[in-house]
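The structure under discussion appears below in the form of structure tokens.
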4 protein chains.
Amino acid sequence: MTSNPLRIGLIGTGRIGQVHAANIAASPDAELSWVADPFIDGATGVAARFGGRATADAEELFAADDVDAVLIASPTPTHVDLIEKAIDRGLPVLCEKPIDLDIARVDALRPKVASLGVPVALGFNRRFDPAFAEVRARVAAGEIGSLEQLTIISRDPAAPPADYVAVSGGIFRDMTIHDFDMARFFLPDIVSVSATGTNTFDPGAREHGDFDTAVVTLTASTGAVVTIINSRHSAVGYDQRLEAFGSEGSLQVANRSTSLVSHSSAVSVESRAPYENFFLQRYAEAYADELASFIALARGGASASSTFEDGRAALILADAAQRSATERVAVEVPLG
Amino acid sequence: MTSNPLRIGLIGTGRIGQVHAANIAASPDAELSWVADPFIDGATGVAARFGGRATADAEELFAADDVDAVLIASPTPTHVDLIEKAIDRGLPVLCEKPIDLDIARVDALRPKVASLGVPVALGFNRRFDPAFAEVRARVAAGEIGSLEQLTIISRDPAAPPADYVAVSGGIFRDMTIHDFDMARFFLPDIVSVSATGTNTFDPGAREHGDFDTAVVTLTASTGAVVTIINSRHSAVGYDQRLEAFGSEGSLQVANRSTSLVSHSSAVSVESRAPYENFFLQRYAEAYADELASFIALARGGASASSTFEDGRAALILADAAQRSATERVAVEVPLG
Amino acid sequence: MTSNPLRIGLIGTGRIGQVHAANIAASPDAELSWVADPFIDGATGVAARFGGRATADAEELFAADDVDAVLIASPTPTHVDLIEKAIDRGLPVLCEKPIDLDIARVDALRPKVASLGVPVALGFNRRFDPAFAEVRARVAAGEIGSLEQLTIISRDPAAPPADYVAVSGGIFRDMTIHDFDMARFFLPDIVSVSATGTNTFDPGAREHGDFDTAVVTLTASTGAVVTIINSRHSAVGYDQRLEAFGSEGSLQVANRSTSLVSHSSAVSVESRAPYENFFLQRYAEAYADELASFIALARGGASASSTFEDGRAALILADAAQRSATERVAVEVPLG
Amino acid sequence: MTSNPLRIGLIGTGRIGQVHAANIAASPDAELSWVADPFIDGATGVAARFGGRATADAEELFAADDVDAVLIASPTPTHVDLIEKAIDRGLPVLCEKPIDLDIARVDALRPKVASLGVPVALGFNRRFDPAFAEVRARVAAGEIGSLEQLTIISRDPAAPPADYVAVSGGIFRDMTIHDFDMARFFLPDIVSVSATGTNTFDPGAREHGDFDTAVVTLTASTGAVVTIINSRHSAVGYDQRLEAFGSEGSLQVANRSTSLVSHSSAVSVESRAPYENFFLQRYAEAYADELASFIALARGGASASSTFEDGRAALILADAAQRSATERVAVEVPLG
């Protein structure tokens, strides 16, 4: 490509912000022009390593004339305002998930997103994971016939601290929301949600009225059923599996071992090393591909990114799951 | 053992009856003394192959003096009466599942089963599958810490004929009932059932108001959650998997390929032959071990068999699932 | 089939003789009519369990009028004489491998075997293993293109006692001989043998001038190369693998785990139970199929059994390997 | 580290030279200061992308005062002279394999390498592959007891062009030489070589008197046996496996699939995508780790790199294999 690199302003320099900054720096098609974080040492550190000017005030970033697009990796409560500011200035946005924990705030912003038409992508990175993307493409190509059941197993390595749980919005809005988006990546027309949540091990979750263990069943308008199995911890490492079951076969995504070596002895055979233990390793390629796709989107191309509407749908499903698990009823959702 | 073989009277000579007859004939500890089936050619044929006297009338079997125990493999509606006759005569019973499709009939028989104390075993053969039994023993031994999630995938090779569906009692009472018993094999204290059923492929199920696709979530009193994923068909062969997920690890039962051979080419690598396609092959060892356990039970020993109470519990869960899937609410069950 | 069962006279009631006796008893197409063993208690015991008349003198078996075929499972030095007696009487023979440890004795019998035309099958049971037979059939069908390399890994669970080693004829004639026959099952036209033998663990082998570890390379007339890797012990259980590598792909036979269960923890994932530890379990189906094929052969049908010529060829390869490993030269063999 | 980056002069800008240049550029501990190639466009292009000054004359590189170490990736016949020039100037060298195709030239340089003591590392990158390095470390830690057998399967995706074969030195010096070094990574004291080479598919190899298919057996002074299985092509992709078999268990390195996805249907189950097809992908981490280790070595630290002596030993084994395959004798080598 002969076009100039896309000049990206990054807001937020926490763990995910740093991943994006590194990917921007590594991309021949983008450069980091601004880094904003009220915690100015974070902004300064990221700018020093990956380029761009640092500021504690995102307004400065929005006012600059060398920002072509905005990447929002700040805390969730800031997302809605920052998206609005970006699209008001005509700047394409890649915003980390979720849009907000409050569907009312999302709905308030929705008409403007629709009318302005400035691209807004949501950071549901798993759509870009090579394995999940491959399965979806092969399902779409008809390789397993009609998709009848989708099973997603998603277990984090370890439960978050109790004070994070307190403000997380609960397991469905915080963790399962990735799986809701993955479900809709395959089956967008979800019509019903049934969720079960329990406490099996985490006192922090119990203390804050949250679940540490959850199973959600989604029904699509076609009759296809999605099962999502979650846990906030996993002794064997980050557990990220998926099975698409169709009328003519199935496609499965396995966990990725950290080694090609297996060990056999008189006690057990073919033992392998535990799985990659953290989402940054497991999804490293997904984050890079997500950025590449956003660059294309910002330049007017097509993108496989989750849209604002997808982000809203994921939140609707999370809200429905929360209600279903609490009130012990299935909840109909208007996505079919 | 120096004891004489246990003389077993078999009632019912359909597919399952024949499996039991063959196992009785092959056991050094049992012999087939009577074979009853109103379809006398069935009884005669089984007796000719595996021993015993044939009759069209089960009364003759009950009246005989060379029957030490009864194996009931006749149609479901006959089970309750036949169990009662057997225990009235003090004969230990192994009865195929389910006890009945009507919980009221089960409850009516229940006090007599309890008061007489004659052993009644239910034919939930999967408890005797070496792989499932191994997992349960290892979970019980604490190998994976506390059991938090149990996932059962159970898909039949092909949907039954529509006229069978019509009298089957529905997918939960007919097919999932095995999985309910398996769930209780690990977690007897189930307190809540949430079920989703849909139609994705089988016109026969749709015609008779049944589902061909189902997912059930069970909650145990401990907070542990069981997920059961069912389909009435499976292109890859009989799909029978289980994962016990605990605080310190997990144990999985894989499907059994029909061959040790794998094939690799420029297109794909490590391809294996499809799974064993039918329950009689997949569970051949389970049926044999189930019989051995029943022989021990009839002689006063201990048994891992499902009891009458287990059979009743499975039916209660099936009824609850049917109601949950129909009314779209979670249903509490009094098993905790 | 409406034909009468084939009446088989069994000579030798050791471990392998008992396997054959049980398979004969279990076959609807055969019956055990005589059991001969100079150790009369062995003969009597086998006859009591599996049928037939017992004798200490094989002559009595040969003189009987109710023997249609002979199965020789006696010690190796008796094979040549017993084969000769059987075919002199027109009785088809299934003889355990090897024919003899001395190629001169084999060659002395060879013309009579050829001229009489009475079927002689050698007990290279692995040709009947479903997995190996499947691979050979798929190679023959062209599934992997032209066969270029065949790799056979064959390791026994544990080394034999030193006094067995002393009379075994050495690892190549005693153990590798199975692999030589397997090699020729795929590539009959072997032209050259190169062998390496060492001592790594077994004092018994060292004491008797034998090897406990061996690798043999065979070259076929087509240029295809066979590699055989042997050890007299294997901590992980009986290790029996094969890879057929062709111009368009490969086919592999894996070891058979004793369980469908795998275990994962923070230390290792997907660990399985060790492999079946003994050839009688691993090759149970092969022994049964070998017998069925012999019954067909005895009745004038075709058989996939190794012939007398195959048995001779395996011994020629073993002799060549012994010379190659000792003299450290490649040895040409006249099988191309 | 606070030390300045190691300034590396690169000689040779072919495929491997470019890999090294990219890794140098990506390393925080090194920089590319000079790039030499008589094909000046190659040098200029690499310098433009990865840094440094370009020259057609390696003498200019050796004369420069901003070269701390030399990386030789030029054609094999130039290696000996370039190593000598580098160490004469006291510059540590990382030289691609092999040192030379002529052991006499290697031996002529050998005393100077020994007496000067300037570090010389050979580019046997596979020692740095995480999987192979892990197996070696676990073997060294005693995890499988005493190492008795090592099996290396190494098959290239596709045969090289005939004109490359003509000058390659033959399969043993060109391709197997990696496996000889890997064998000595585990078992340095090799005492005997037995090799078989054939032609199964490649007219180019046949035309130039080379083999396309080879099996080599190495015997170590301990009695441990190494088997190397080679082919110049592989339909399933680059085939790079290893099994270390010990008295108490085994460790295996599997091929790396290009995807986590498996596919199951009525025809076959658990099919995966073919293996990574090229050594640059398969060994990308190994090349990066090799460079890091060389940087440490150049700074006086320890390194797991193959030394000049290791490079010489690999060539001795290749020569022995060539003689063994041609003369059909086992060849003793003075490495024990």
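The values are calculated or read from the model by the stated rules, or taken from the named source; none is laboratory data. Keep in mind it's a predicted model, so treat the numbers as computed, not measured. Neighbour counts run over all protein chains shown; Cβ positions are idealised from the backbone, glycine included. Remember, those area values only see protein heavy atoms, side chains included, never the ligands or the DNA or RNA. Shrake-Rupley method; radii C 1.70, N 1.55, O 1.52, S 1.80 Å.
Hey, can you tell me all the residues within the range D:143-201 that are assigned to a helix (DSSP H, G or I), of a type in the set (A, V, I, L, M) and over 22 Å from C:GLU243 (Cβ atoms)?
Correct list: D:ALA162, D:VAL165, D:ALA166, D:VAL167, D:ILE177.
Just checking, which of C:SER194, C:SER234, C:SER168 is surrounded by fewer than 23 Cβ atoms within 10 Å (Cβ to Cβ) and either at negative phi or within 14 Å of chain B (Cβ to nearest Cβ) (or both)?
Testing whether each residue is surrounded by fewer than 23 Cβ atoms within 10 Å (Cβ to Cβ) and either at negative phi or within 14 Å of chain B (Cβ to nearest Cβ) (or both) leaves just C:SER168.
For D:GLY301, work out the one condition from (1) under 19 Å from the mean Cα position of the chain (by Cα); (2) within 30 Å of D:LYS112 (Cα to Cα); (3) free of Cβ contacts under 8 Å to residues at least 24 places away in the same chain it doesn't fulfil.
Only one criterion is unmet by D:GLY301, namely (1).
Just one of B:GLY301, B:GLY311 is in a helix (DSSP H, G or I) and over 28 Å from D:ALA266 (Cα atoms); which is it?
Of the residues listed, the single one that is in a helix (DSSP H, G or I) and over 28 Å from D:ALA266 (Cα atoms) is B:GLY311.
Can you find a residue that is outside any strand (DSSP E or B) and at positive phi anywhere in the range B:237-247?
Among the residues of the range B:237-247, at least one is outside any strand (DSSP E or B) and at positive phi, which makes the answer yes.
I'm trying to understand the selection: among the residues of the range D:113-132, which are open to solvent by 20 Å² or more (accessible area, probe 1.4 Å) and at the interface with another protein chain (Cβ under 10 Å from one of its Cβ atoms)?
Listed by number, the list holds a single entry, D:PRO130.
For the range C:206-225, what are the residues that are on the phi < 0 side of the Ramachandran plot and either free of Cβ contacts under 8 Å to residues at least 24 places away in the same chain or away from chain D (no Cβ under 11 Å) (or both)?
Across the range C:206-225, the qualifying residues are C:ARG206, C:GLU207, C:HIS208, C:ASP210, C:THR213, C:VAL215.
For C:ARG241, which of the numbered conditions (1) closer than 30 Å to C:GLY204 by Cα; (2) open to solvent by less than 10 Å² (accessible area, probe 1.4 Å) fails to hold?
(2)
Of all residues in the range C:294-307, which are at pLDDT 95 or above, open to solvent by 10 Å² or more (accessible area, probe 1.4 Å) and within 20 Å of C:PHE180 (Cβ to Cβ)?
Matches in the range C:294-307: C:THR307 only.
Could you grab the pairs with beta carbons closer than 6 Å, sequence gap of 6+ or different chains, first residue in the range A:1-22 and open to solvent by 40 Å² or more (accessible area, probe 1.4 Å), second one charged (D, E, K, R) and not in a helix (DSSP H, G or I)?
Filtered contacts from the range A:1-22: A:PRO5/A:ASP29; A:PRO5/A:GLU31; A:ARG7/A:GLU31; A:ARG7/A:ASP66; A:ARG7/A:ASP68.
Kindly provide the set of residues from the range B:276-297 that are in a helix (DSSP H, G or I), out of contact with any Leu (no Cβ under 6 Å at 6 or more places or on another chain) and not charged (D, E, K, R), ordered by number.
Matches in the range B:276-297: B:PHE279, B:LEU280, B:GLN281, B:ALA284, B:ALA286, B:TYR287, B:ALA288, B:LEU291, B:ALA292, B:SER293, B:ALA296, B:LEU297.
Report yes if A:ALA69 is open to solvent by 20 Å² or more (accessible area, probe 1.4 Å) and small (Gly, Ala, Ser), otherwise no.
When the stated conditions are applied, A:ALA69 does not pass them.
Quick one: what pairs do we get from the range D:240-251, first residue under 27 Å from D:GLN281 (Cβ atoms), second of a type in the set (Gly, Ala, Ser) and outside any strand (DSSP E or B), C-beta under 6 Å, 6+ apart or different chains?
Listed pairs, sorted by first residue: none to list.
Being within 8 Å of chain C (Cβ to nearest Cβ) and over 25 Å from the mean Cα position of the chain (by Cα): is that true of B:SER259 here?
So B:SER259 passes the test.
If I ask for residues that are of a type outside the set (Asp, Glu), closer than 23 Å to D:HIS233 by Cβ and in contact with a strand residue (DSSP E or B) (Cβ under 9 Å, 6 or more places away or on another chain), which ones from the range D:263-306 would you list?
If the condition is that a residue be of a type outside the set (Asp, Glu), closer than 23 Å to D:HIS233 by Cβ and in contact with a strand residue (DSSP E or B) (Cβ under 9 Å, 6 or more places away or on another chain), then D:SER271, D:ARG272, D:ALA273, D:PRO274, D:TYR275, D:PHE279, D:ARG282, D:TYR283 are the ones that fit.
Does the range B:183-190 include one or more residues that are in contact with a strand residue (DSSP E or B) (Cβ under 7 Å, 6 or more places away or on another chain) and open to solvent by less than 10 Å² (accessible area, probe 1.4 Å)?
Yes, the range B:183-190 contains at least one residue that is in contact with a strand residue (DSSP E or B) (Cβ under 7 Å, 6 or more places away or on another chain) and open to solvent by less than 10 Å² (accessible area, probe 1.4 Å).
Out of curiosity, is D:ASP163 touching a Leu at 6+ places or on another chain (Cβ under 9 Å) and either polar (S, T, N, Q) or away from chain C (no Cβ under 14 Å) (or both)?
So D:ASP163 does not fit the description; no.
Given the structure, is D:ALA254 open to solvent by 10 Å² or more (accessible area, probe 1.4 Å), of a type in the set (A, V, I, L, M), within 14 Å of chain A (Cβ to nearest Cβ) and touching a Ser or Thr at 6+ places or on another chain (Cβ under 7 Å)?
For D:ALA254, the condition - open to solvent by 10 Å² or more (accessible area, probe 1.4 Å), of a type in the set (A, V, I, L, M), within 14 Å of chain A (Cβ to nearest Cβ) and touching a Ser or Thr at 6+ places or on another chain (Cβ under 7 Å) - is met.
Between D:ILE228, D:ILE177, which is within 10 Å of another protein chain (Cβ to nearest Cβ), open to solvent by less than 30 Å² (accessible area, probe 1.4 Å) and within 19 Å of D:PHE132 (Cβ to Cβ)?
Sole residue among the options that is within 10 Å of another protein chain (Cβ to nearest Cβ), open to solvent by less than 30 Å² (accessible area, probe 1.4 Å) and within 19 Å of D:PHE132 (Cβ to Cβ): D:ILE228.
Out of all the residues in the range C:211-219, is one or more in contact with a Ser or Thr (Cβ under 8 Å, 6 or more places away or on another chain), open to solvent by less than 10 Å² (accessible area, probe 1.4 Å) and in a loop (DSSP other than H, G, I, E, B)?
So far as the range C:211-219 goes, yes, one or more of its residues are in contact with a Ser or Thr (Cβ under 8 Å, 6 or more places away or on another chain), open to solvent by less than 10 Å² (accessible area, probe 1.4 Å) and in a loop (DSSP other than H, G, I, E, B).
Report yes if B:LEU101 is open to solvent by less than 10 Å² (accessible area, probe 1.4 Å) and touching a Gly at 6+ places or on another chain (Cβ under 9 Å), otherwise no.
Against the criterion (open to solvent by less than 10 Å² (accessible area, probe 1.4 Å) and touching a Gly at 6+ places or on another chain (Cβ under 9 Å)), B:LEU101 does not qualify.
Give me a count of the residues in the range C:59-94 that are in contact (Cβ under 8 Å) with a residue 12 or more places away in the chain and either touching a Lys or Arg at 6+ places or on another chain (Cβ under 7 Å) or closer than 24 Å to C:SER3 by Cα (or both).
20
Select from the range C:29-58 the residues that are without any contact (Cβ under 8 Å) to a residue 24 or more places away in the chain and either open to solvent by 10 Å² or more (accessible area, probe 1.4 Å) or within 19 Å of C:PRO92 (Cα to Cα) (or both) and list them in ascending order.
C:PRO38, C:ILE40, C:ASP41, C:THR44, C:ALA47, C:ALA48, C:ARG53, C:ALA54, C:ALA56, C:ASP57
Any chance you could count how many residues in the range A:220-236 are assigned to a strand (DSSP E or B) and in contact with a Ser or Thr (Cβ under 8 Å, 6 or more places away or on another chain)?
Of the residues in that region, 7 qualify.
For the list (1) more than 15 Å from the chain's Cα centre (by Cα); (2) open to solvent by less than 20 Å² (accessible area, probe 1.4 Å); (3) among the basic types (Lys, Arg), I need the number of the one condition that C:ARG110 fails.
Exception for C:ARG110: condition (2).
Scan the range C:263-274 for residues that are within 11 Å of A:SER268 (Cα to Cα), open to solvent by 20 Å² or more (accessible area, probe 1.4 Å) and not acidic (Asp, Glu) and report the count.
5
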